1. Of the conditions (1) charged (D, E, K, R); (2) under 19 Å from Ala151 (Cβ atoms); (3) assigned to a helix (DSSP H, G or I); (4) touching a residue at least 12 places away in the same chain (Cβ under 8 Å), Arg4 clears all except one; give me its number.
2. In the range 27-43, is there at least one residue being part of a loop (DSSP other than H, G, I, E, B), in the same structural domain as Leu179 (by TED's automatic domain parsing) and surrounded by 18 or more Cβ atoms within 10 Å (Cβ to Cβ)?
3. Working carefully through the options Glu188, Glu241, find the one that is among the acidic types (Asp, Glu), under 22 Å from Thr158 (Cβ atoms), surrounded by fewer than 21 Cβ atoms within 10 Å (Cβ to Cβ) and under 18 Å from the mean Cα position of the chain (by Cα).
4. On the given criteria, is Phe215 in the same structural domain as Val57 (by TED's automatic domain parsing), surrounded by fewer than 20 Cβ atoms within 10 Å (Cβ to Cβ) and touching a residue at least 12 places away in the same chain (Cβ under 8 Å)?
5. With the requirement that a residue be of a type in the set (Asp, Glu) and modelled with pLDDT under 95, what does the range 214-248 give you?
6. For Gly252, all conditions in the list (1) outside any helix (DSSP H, G or I); (2) among the small types (Gly, Ala, Ser); (3) at pLDDT 95 or above; (4) buried (at least 22 other Cβ atoms within 10 Å of the Cβ) hold save one; what is the number of the exception?
7. Can you tell me which condition Leu105 does not meet? The list is (1) at pLDDT 95 or above; (2) among the hydrophobic types (A, V, I, L, M, F, W, C); (3) surrounded by fewer than 21 Cβ atoms within 10 Å (Cβ to Cβ), and all the others hold.
8. Yes or no: the range 277-291 includes at least one residue that is in a strand (DSSP E or B) and either of a type in the set (Val, Ile, Thr) or more than 22 Å from Asp84 (Cα to Cα) (or both).
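The values are calculated or read from the model by the stated rules, or taken from the named source; none is laboratory data. Keep in mind the model is a prediction, meaning the values are calculated, not measured. Here the Cβ positions follow ideal geometry from the backbone for every residue, glycine too, while neighbour counts run over all protein chains shown.
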Amino acid sequence: MTIRHVADAIKSSGSVALIAHIMPDGDTLGSCLAMYHALNGLGIRADLFCQDPAPEVYMFLCEIDKFDRVPTGAGSYDMCIALDCSDLDRLGSLIPVFKSSRKTLNIDHHKSNTTYADLNLVDETAAATGELIYKVLDEMGVPISPDIAIALYTAISTDTGNFSYSNTTPASMRIAAGLIEAGVKVDELTTRLYRTHSLHRIKLLSRVLDSLELFENNRIAFLTITMKDLEDTGAQASDMENMVNYAKEISGIELAVLFKETTDGGTKVSIRTSDKLDATKLALQFGGGGHMKAAGANLDMGIKDAKTAVLAASRSMLEELS
């Protein structure tokens, strides 16, 4: 599916539902909002949906309060667009809205994407879904307003670690330059996204670092967050974002995993790897997915059993390098 075909399909729609993935991050939220602003400018009815509330760090984004968690317009959309969702399950409770729309579109950059829509624009070479949205809007002839620019910069910046991860490309930087020209104030946005933290997050981080476990001569690192940790610190799910990176940044670590206890007794794992290992390969063993160096999965087991299973799989991956 080409950018032009996607642009034409969107422009021919009279109404569009935009869905962000469960436990939304900056890329899915920024991509949805950029498309929302663009469609409004074209006179196309657009509605925003997400099963879970947006993390507090993103509440500065224009129209972030327009996301609806309870679908009321199922069956009334010409098109439904899933943004940054690698598979249908990532839509959570909004799956009925997606399935009942006259045409469905999947825009994503994950290697593990299952191409589940009628139309699929999937490019794993893109650093973020926000990059694809930028190209689609350009093809649609939509001017990049300051609100669109801020939303897309947030999307791309957060998925590239503020343009520091290996997925950052020359194209990422060229798009970022265009967004800055369109009105992004880099210092202000950087402060909002990376230099301002809640006290709850800092308290939680202290506990997370204390949970550090090392294996295989300090090549594997595990961190843990329990429901009690969240309760005691007052932290929210959004406060856990990117904490796995603290383990990955330890010298010599090739594979880092953050285990997060879920309300149903299961375990969510976030995986980060070095250049030598494929995080997606590990995540897929547990029904997850993601990227070469960053992936995740949900395990239907408690943290203790999850650690045992993930450690065995991780050791096997290291043995393959020998």
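1. Result: Arg4 fails condition (2) only.
2. no
3. One residue alone meets the criteria, Glu241.
4. Judged against the criteria, Phe215 is not a match.
5. Those that are of a type in the set (Asp, Glu) and modelled with pLDDT under 95: Asp239, Glu241.
6. (4)
7. The number of the failed condition is (3).
8. Within the range 277-291, none of the residues are in a strand (DSSP E or B) and either of a type in the set (Val, Ile, Thr) or more than 22 Å from Asp84 (Cα to Cα) (or both).
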